[in-house]
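Just below is one structure, and these are the notes that go with it.
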Amino acid sequence: TDITSLDLSGATNLQTIGASAFYSCASLSGSITIPANVTSIGKQAFYTTAITSLGFSTDSHLQTIGDYAFTGCTNLTGSLTIPEGVKSIGNDTFHNCTHIQSVSLPTTLQTIGANAFYSCSAVTGGITIHASVTSIGDGAFANCGISSFINASNQKYKVQGEALLTSDGTKILA
């Protein structure tokens with residue numbers, strides 16, 4: 001399609017951004033703010049769009065971000081703060097978002113899918129793994145520039161040196 005911008009500010013009743021809603025809308029660019037009442041962003045919703053900024057309403061009700069939702073959004077830059085209330089980030093959600101510079105995860109997050117932040121190569125600094133996280137998929141933070149992981153009282157994972165491991169130390173995750 002030829003959509004070049006998207007203003008969702010008046011979409012006060014919007015609850016779901018459906019699967020493939022803006023899939024491969026390569027001309028869709030600029031800033032996107034997810035409205036407060038949206039509870040889920042579907043699979044491949046913004047796949048390979050040219051958005052440059054992603055924000056969430058301060059009173060966000062978002063709970064899930066689907067598989068591949070923002071994969072290949074290579075123009076997405078700056079800090080990415082996933083809002084409180086989000087419980088699940090799907091597989092490959094931010095895969096190849098090569099210009100995101102930092103990621104902040106909420107204390108409500110339970111699941112980080114496989115390759116969720118794979119190849120977010122500009123991400124630097126630390127990532128906090130909160131106590132609520134019960135599952136981290138393989139390659140979730142592979143090929144990122146993360147300098148450290150911070151374990152916020154999580155019993156399922158541990159940090160050893162600069163690596164993130166399962167609590168029993170049998171598997172390196174990042």
Query raised in the report: Using only Cα atoms, what Kirkwood radius does the chain have, in angstroms?
Result: 16.0
Report summary line: Here the relative contact order (percent) of the chain, from C-alpha pairs under 8 Å and at least 6 apart, is 13
Report task. Could you please state, rounded to a whole Å, how far the C-alpha centre of region 122-152 is from the C-alpha centre of region 1-61? Result -> 25
Report summary line: Candidate cut points under trypsin sites (Lys or Arg not before Pro) in region 87-174, DSSP loop plus at most 16 other Cβ atoms within 10 Å of their own Cβ, are LYS87, LYS156, LYS171
Query raised in the report: Extension gain LYS87-SER53, at 0.36 nm per residue separation less the Cα-Cα distance, in nm?
Result: 10.1 nm
Requested in this report: Could you look at region 6-141 and say what percent of its accessible area is carbon and sulfur, using a 1.4 Å probe and all protein chains?
Outcome: 46
Query raised in the report: What percent antiparallel are the DSSP beta bridges of the chain, to the nearest 5?
Result: 15
Requested in this report: Note down the magnitude of the dipole of the chain about its Cα centre, charges +1 on Lys and Arg C-beta and -1 on Asp and Glu C-beta and zero elsewhere, to the nearest 20 debye.
Outcome: 280
Query - P(r) of region 1-94 over all Cα-Cα pairs, binned every 10 Å from zero, in whole percent - result: 18, 56, 25, 0
Report task. Express the accessible area of region 47-130 per residue in Å², computed with a 1.4 Å probe while the remaining protein chains stay in the model. Result -> 35
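The values are calculated or read from the model by the stated rules, or taken from the named source; none is laboratory data. All figures in this text were calculated on a predicted structure; none of them were measured in a lab. FYI the Cβ positions are ideal-geometry reconstructions off the backbone, even for glycines, and counts take in every protein chain you see. SASA here: full protein model, heavy atoms, side chains in, ligands and nucleic acids out. Shrake-Rupley method; radii C 1.70, N 1.55, O 1.52, S 1.80 Å.
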